[in-house]
Structures are given as structure tokens and as C-alpha cells.
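Structure first, commentary second.
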Amino acid sequence: MDARICLLPGDGIGPEILAQGVAALKAVARRFRHEFTFVDALIGGAAVDACGEPLPQETVTKCLESDAVYLASVGGPKWNGLAPQKRPERGLLGIRKALGLFANLRPAMLFPELAGACLLRPDIAARGLDLIVVRELTGDIYFGEPRGQELRDGLRTGYNTMIYNEEEIRRIARVAFETALGRRKKVCSVEKSNVLETSRLWREVVLETHKEYPAVELSHLYVDNAAMQLVRDPSQFDVILTGNIFGDILSDEASVITGSLGMLPSASLGASGPGLFEPIHGSAPDIAGEDKANPLATILSGAMLLRLGLHLPEEADCIEAAVRRTLADGFRTADIMEPGKTLVGCAAMGAAVCERIAG
């Protein structure tokens with residue numbers, strides 16, 4: 001296969017971890033005789049510094065002309081004083097919107113090799129953790145209008161609008177049900193329909209869409225109960241379907257209980273065009289340039305890029321197996337370090353994975 005991949009290193013540790021992700025993709029290309037072309041583009045704080053905008057039009061064009069987009073991280077305290085529309089995070093929201101990426105898939109799995117790093121009680125961790133959060137990405141309170149700040153009765157007042165239409169809900173529900181068909185065939189829809197009109201519509205549309213997928217078991221939880229259940233017994237979940245703001249919170253919760261955000265990838269997909277693949281963690285500016293970052297979430301995001309973006313499942317399996325073997329051989333970055341293991345830096349961890357991809 002010939003494929004063009006747009007690289008968005010971004011800020012902080014972004015360039016370091018993406019370099020290891022690219023190295024893994026190159027190792028896969030060599031092993032399976034593919035030709036991957038990589039194109040660099042600016043986003044986030046790096047784009048602000050270079051051209052005054054967090055998402056230059058040139059970046060959007062390069063992404064649209066590619067088969068997949070590979071992003072590392074954006075943001076950092078350096079840009080905290082900027083106006084909201086100039087903040088690095090606006091670049092991330094903007095590229096999702098520009099590419100029409102309405103579905104965010106965030107798997108959370110406890111690697112057996114890292115069971116000791118899990119933040120849950122041993123008896124709970126022993127039940128296993130293997131779920132995926134399917135989060136709607138371009139609607140809800142992050143994008144709803146009206147929004148703003150104004151004076152009301154002499155008081156500064158901020159407001160945002162939580163809003164969904166039925167088609168936005170239906171298309172993300174279908175992604176969740178389709179995802180469940182390839183897993184354990186269970187979907188839990190999470191909302192707050194006891195108090196929110198938006199959530200009442202959400203539940204109605206999800207129930208309607210479920211009729212198209214009789215093989216999938218559907219359940220419902222209010223978001224506060226779902227947050228508790230994730231800690232009490234995450235093994236009960238297979239696919240969690242939810243909106244943008246609830247999904248933002250729940251996916252981070254589901255991920256961190258595995259032990260480290262540095263292990264977990266994500267994919268953002270649309271109806272057509274390139275998907276965007278990125279680790280779920282931030283830019284970690286406090287360790288940028290120190291070779292301390294964990295590149296495994298980025299490398300595993302590369303596996304999702306191969307599977308979901310380029311439709312190369314065998315190659316994706318190869319990367320995931322290489323990560324497992326690297327962990328089984330005792331290599332650890334600082335965030336997942338355990339007694340008796342070998343502490344390595346970002347570059348060495350990436351090299352270890354690449355060696356195992358090569359066989």
C-alpha cells in the first residue's frame with residue numbers, strides 16, 4: 001500500500017513521542033512492504049509561535065490531502081495568557097471540526113503486564129478491564145450556540161449551550177453499535193435524562209437506533225452513576241456510548257485507572273476523509289526534551305491508524321504485539337516503572353518496540 005500520513009507533532013513532548021510512533025510505522029512498512037509518505041504540519045502552540053494561529057489553513061489542507069492524520073499533543077502554560085481563540089487547544093477543536101470527525105474512540109485496557117500499576121483494588125483489577133468509550137466529538141456544550149460572557153444584573157455571567165439534534169445522536173449511536181458487534185456485543189448509553197432535555201432526546205434516539213442492532217445488548221446509566229460504576233467494577237462495561245462533555249470526563253477516568261495515561265491511544269473518525277489518531281494524554285511540558293515521556297500511547301495510536309485509518313489489521317496487530325512483548329521483557333518508562341524492571345527513556349522504549357516489530 002502507498003499511503004500519505006500527515007504528522008502534527010504539536011507542543012511539549014509531542015515531537016519526541018511522535019518520532020517514536022513514526023519509527024514504529026516505518027518498521028511496519030519495511031516488514032510488510034508498504035510505502036508511507038509523511039508530511040509535517042503545524043498545530044497548537046507551535047503554530048501560534050510560527051504564524052500567530054493555532055490552526056493554519058495550510059495544516060487543514062495538508063490533513064485533507066492525506067489518508068490519515070497522526071497527532072501528538074498540544075498546549076502548555078507558555079500560551080495560557082492568550083485570548084481564547086488563539087489558545088493552542090483551539091487548534092485541536094478546529095481540526096476535528098474541519099475534518100468532520102464526529103466519533104472519538106478511546107479504548108481502555110489493562111495490560112496484564114502492567115497489572116501492578118492499576119489504581120484499582122487487586123480483587124477488582126483481577127476481573128479485568130477492556131472497554132472502549134465512543135464519544136460524540138463535534139456537538140454538545142463545547143460547540144453549542146449561543147455561548148459567551150456578559151453582564152447580567154451587574155454580575156459577570158458565562159454561558160454555554162448543550163445541544164444535539166437527532167441525526168448527530170443517531171450517527172454516533174451507530175458507531176457504538178457497530179463497534180460492539182466486533183467486541184462483546186454490549187453498549188451502555190450514558191446521559192443525564194432525569195434532568196436534561198438534551199439527554200432525553202439522546203435516550204429516545206439511541207433506543208430507536210438500537211432496533212437496527214438486535215444482536216447488541218443495550219443498557220442505560222446516568223453519568224454520575226456511570227462514573228461510580230467505572231471505579232466499582234469496570235469489567236461490566238464493553239462499549240460506553242456518550243456525548244462530548246460526558247465522554248471527555250469518563251474516558252479520562254476509564255483510562256487513568258489502568259495506571260498511566262501514557263499507555264492509551266485514541267481515534268477520531270468521520271463519515272469520510274482522513275481520521276485523526278492521537279494519545280489521550282497532554283503535552284507534559286515539565287518533561288519536554290528530557291527523554292522521559294512514555295511513547296507507547298502514541299505507538300498504539302499508530303496501530304489504530306493502521307487498523308481504522310488504512311484498513312491494515314494485520315499490521316496493527318503487529319504493533320500491538322510488539323508493545324506487549326516489550327512490556328513482557330521488562331522495559332518501563334518512569335510513569336509505569338515497577339521494582340525489578342528496566343527503566344528506559346522515550347527513545348529507548350520506541351527502539352525496543354521497533355526491534356520487536358522487525359521480528
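The values are calculated or read from the model by the stated rules, or taken from the named source; none is laboratory data. All values reported here derive from a predicted model rather than from experimental measurement. Counting neighbours? That spans all protein chains shown, and the Cβs are built from the backbone with ideal geometry, glycine included. In case anyone asks, the SASA skips ligands and DNA or RNA and just uses the protein heavy atoms, side chains included. Shrake-Rupley method; radii C 1.70, N 1.55, O 1.52, S 1.80 Å.
Scanning the stretch 135-157 for residues that are more than 29 Å from residue 108 (Cβ to Cβ) and either of a type in the set (Asp, Glu) or open to solvent by 60 Å² or more (accessible area, probe 1.4 Å) (or both) yields 145, 146, 147, 149, 150, 151, 152, 153, 154, 155, 156.
Note on the stretch 97-117: among residues that are in contact (Cβ under 8 Å) with a residue 60 or more places away in the chain and open to solvent by 20 Å² or more (accessible area, probe 1.4 Å), the one that is nearest to residue 11 (Cα to Cα) is 106.
Closer than 30 Å to residue 227 by Cβ, open to solvent by less than 10 Å² (accessible area, probe 1.4 Å) and in a helix (DSSP H, G or I): does that describe residue 316? No, not satisfied.
Among the residues of the stretch 295-336, just one is among the acidic types (Asp, Glu) and touching a Ser or Thr at 6+ places or on another chain (Cβ under 6 Å), namely 335. Here residue 57 fulfils each of the conditions (1) open to solvent by less than 10 Å² (accessible area, probe 1.4 Å); (2) over 30 Å from residue 341 (Cβ atoms); (3) of a type outside the set (Lys, Arg) apart from (1). Against the list (1) touching a residue at least 40 places away in the same chain (Cβ under 8 Å); (2) surrounded by 15 or more Cβ atoms within 10 Å (Cβ to Cβ), the condition residue 163 fails is (1). Tell me, which helices (runs of 4 or more DSSP H) wholly within the stretch 85-184 include 2 or more residues that are closer than 26 Å to residue 73 by Cα? Fully inside the stretch 85-184 and qualifying: 88-98, 166-181. The set of residues in the stretch 325-352 being in contact (Cβ under 8 Å) with a residue 60 or more places away in the chain, part of a helix (DSSP H, G or I) and either out of contact with any Pro (no Cβ under 8 Å at 6 or more places or on another chain) or surrounded by fewer than 19 Cβ atoms within 10 Å (Cβ to Cβ) (or both) consists of 327, 328, 335, 336, 347, 351. From the list 26, 62, the lone residue that is touching a Cys at 6+ places or on another chain (Cβ under 6 Å) and open to solvent by 30 Å² or more (accessible area, probe 1.4 Å) is 62.
Checking each residue in the stretch 282-294 for being closer than 27 Å to residue 98 by Cα and either crowded, with 24+ Cβ neighbours inside 10 Å or touching a Ser or Thr at 6+ places or on another chain (Cβ under 7 Å) (or both) picks out 282, 283. When residue 306 is tested against (1) open to solvent by less than 10 Å² (accessible area, probe 1.4 Å); (2) over 19 Å from the mean Cα position of the chain (by Cα); (3) of a type in the set (A, V, I, L, M, F, W, C), only condition (2) is not met.
Annotation for the stretch 215-226: at least one member residue is buried (at least 16 other Cβ atoms within 10 Å of the Cβ), of a type in the set (A, V, I, L, M) and assigned to a helix (DSSP H, G or I).
Is there a residue in the stretch 196-218 that is touching a residue at least 12 places away in the same chain (Cβ under 8 Å), charged (D, E, K, R) and closer than 20 Å to residue 107 by Cα? Yes, the stretch 196-218 contains at least one residue that is touching a residue at least 12 places away in the same chain (Cβ under 8 Å), charged (D, E, K, R) and closer than 20 Å to residue 107 by Cα.
This table checks each residue for (1) in contact with a helix residue (DSSP H, G or I) (Cβ under 8 Å, 6 or more places away or on another chain); (2) at positive phi.
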| position | (1), (2) |
| --- | --- |
| 185 | no, yes |
| 196 | no, no |
| 211 | no, no |
| 218 | yes, no |
| 236 | yes, no |
| 247 | no, no |
| 251 | no, no |
| 258 | yes, no |
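Of the residues screened, residue 127 is not one that is closer than 30 Å to residue 206 by Cβ, open to solvent by 50 Å² or more (accessible area, probe 1.4 Å) and free of Cβ contacts under 8 Å to residues at least 40 places away in the same chain. The set of residues from the stretch 263-303 being of a type in the set (Gly, Ala, Ser) and either under 20 Å from residue 338 (Cβ atoms) or part of a helix (DSSP H, G or I) (or both) comprises 293, 297, 301, 302, 303.
Name the residue that is nearest to residue 237 (Cα to Cα), counting only residues in the stretch 166-182 that are small (Gly, Ala, Ser) and crowded, with 17+ Cβ neighbours inside 10 Å. For the stretch 166-182, the residue satisfying everything is 180.
Can you tell me how many residues within the stretch 227-262 are open to solvent by 10 Å² or more (accessible area, probe 1.4 Å), part of a helix (DSSP H, G or I) and out of contact with any Pro (no Cβ under 9 Å at 6 or more places or on another chain)? The qualifying residues number 14.
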